[in-house]
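Contents: one structure, followed by commentary.
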Amino acid sequence: MEYYQEIKDNCKRLSATAVDHEKLNSYHDQLMVQTVQLAMEKVRMEWGDPPAPFAFFLMGSAGRFEQSIWSDQDHGIIFAGDETCKSYFLRAGAEITEALEMVGYERCEGEVMSSNPLWCKSEEAWHQQIIDWLTEASWQSLRHFSTFFDSRILIGNHDYLVNLKQAAFTFLDKDPGLYQRLIDNVDLYHKGVGIFGQLLPEQHGDHAGTIHLKQKVFFPYVNALRLLALKNKIFVPSTLSRFRQLPEPYRSLQMYEKDFKALLDFRLKFRKEAKTYNEVHLIPIRDLTKQEKQELKSMMKKGYQLFSKTKTKIEAACAK
């Protein structure tokens, strides 16, 4: 614990220094870089230098540069050479995972971390994994692929991910029917606005009376722009950056960028004092004024519109 104490202390200052989305996520990056570098120093002392070049990459909200005050872990490792190096990098992944947890980043419930062999592979094995996920095209394999696609290198050579994403684009070009499977994979999201325009908070349990921002508000935007990025060969993982790189005939969807930016600001404003990762996503309805409830409903409705239009455009393009 003492090994990472200074970084942990800095992590606690996030809520005090978080003035906007960009600065908050830049600060997260700084903290994670420091943590990973320190973890690798510890591994070097125990196991020696890395046996091959490697890259450490982020996924999820961190990969998309969309973290809030608190965040869980979503990360992986790509290394050069063959799988004989894997034991070293799995040890590194385990130390990184433990270190990030110590400084304040909760472990991923789905084990999407470089301590898991599924997310720690050689470049060649990663290439085969991408092909296998898309070939299988099951609900779970496409969920894994979508998680991977929202990725960016934090430490190491950025070409690793460029090459892997290019391989995915090439595969999708050969089997455009996969776009429908990818749409279906994210089409069942929980709506937070009823048919009469009322907010639909959780009804039971510890979260009764709250709106889950991640599930009911963020997902339609994030999933829509991921689909558009796949269809248009956009490499960047950030939802905002994906909006800005949309080509014709998808450019009309850029009108929803301001709504997503407003959503990021809304979450930071109302969840800045959250004490845990879980709290970050929960908005108690009783805490909102009438105007703020209207803002939340508007951002939800715009997200649903965006996803619906994205679905229609991609299905039409694939039908040609």
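The values are calculated or read from the model by the stated rules, or taken from the named source; none is laboratory data. Everything numeric here is computed off the predicted structure, so don't read it as measured data. FYI the Cβ positions are ideal-geometry reconstructions off the backbone, even for glycines, and counts take in every protein chain you see.
Descriptive notes on the structure:
- Some residue of region 203-216 being crowded, with 18+ Cβ neighbours inside 10 Å and in a helix (DSSP H, G or I): yes
- Of all residues in region 229-238, none satisfies being modelled with pLDDT under 95, buried (at least 20 other Cβ atoms within 10 Å of the Cβ) and either of a type outside the set (S, T, N, Q) or in a helix (DSSP H, G or I) (or both).
- Beta carbons closer than 8 Å, at least 6 apart along the sequence or on distinct chains, pair a first residue in region 198-215 that is over 10 Å from LEU282 (Cβ atoms) with a second that is part of a helix (DSSP H, G or I) for LEU199/ILE285; LEU199/LYS293; LEU199/LEU296; LEU199/LYS297; LEU200/LYS216.
- Remark: pairs (first residue in region 227-241, at positive phi; second residue assigned to a helix (DSSP H, G or I); Cβ separation under 7 Å; 6+ apart in sequence or on different chains) = LYS233/PHE169.
- Residues satisfying the stated conditions in region 290-320, i.e. out of contact with any helix residue (DSSP H, G or I) (no Cβ under 9 Å at 6 or more places or on another chain) and farther than 16 Å from HIS190 by Cα: LYS290, GLN291, GLN294, THR312, ALA316, ALA319, LYS320
- Qualifying residue in region 287-296 (condition: crowded, with 17+ Cβ neighbours inside 10 Å and in a helix (DSSP H, G or I)): yes
- The condition (being touching a helix residue (DSSP H, G or I) at 6+ places or on another chain (Cβ under 7 Å) and either on the phi < 0 side of the Ramachandran plot or buried (at least 21 other Cβ atoms within 10 Å of the Cβ) (or both)) is satisfied by just one residue among ASP72, ASP49: ASP72.
- Candidate set: region 128-174, residues that are of a type in the set (Ser, Thr, Tyr) and exposed (fewer than 15 other Cβ atoms within 10 Å of the Cβ); chosen: the one farthest from LYS233 (Cα to Cα): SER138
- Some residue of region 256-266 being at pLDDT below 95 and of a type outside the set (A, V, I, L, M): yes
- Only one entry of TYR189, TYR250, TYR256 meets the criterion of being free of Cβ contacts under 8 Å to residues at least 60 places away in the same chain and surrounded by 14 or more Cβ atoms within 10 Å (Cβ to Cβ), and that entry is TYR256.
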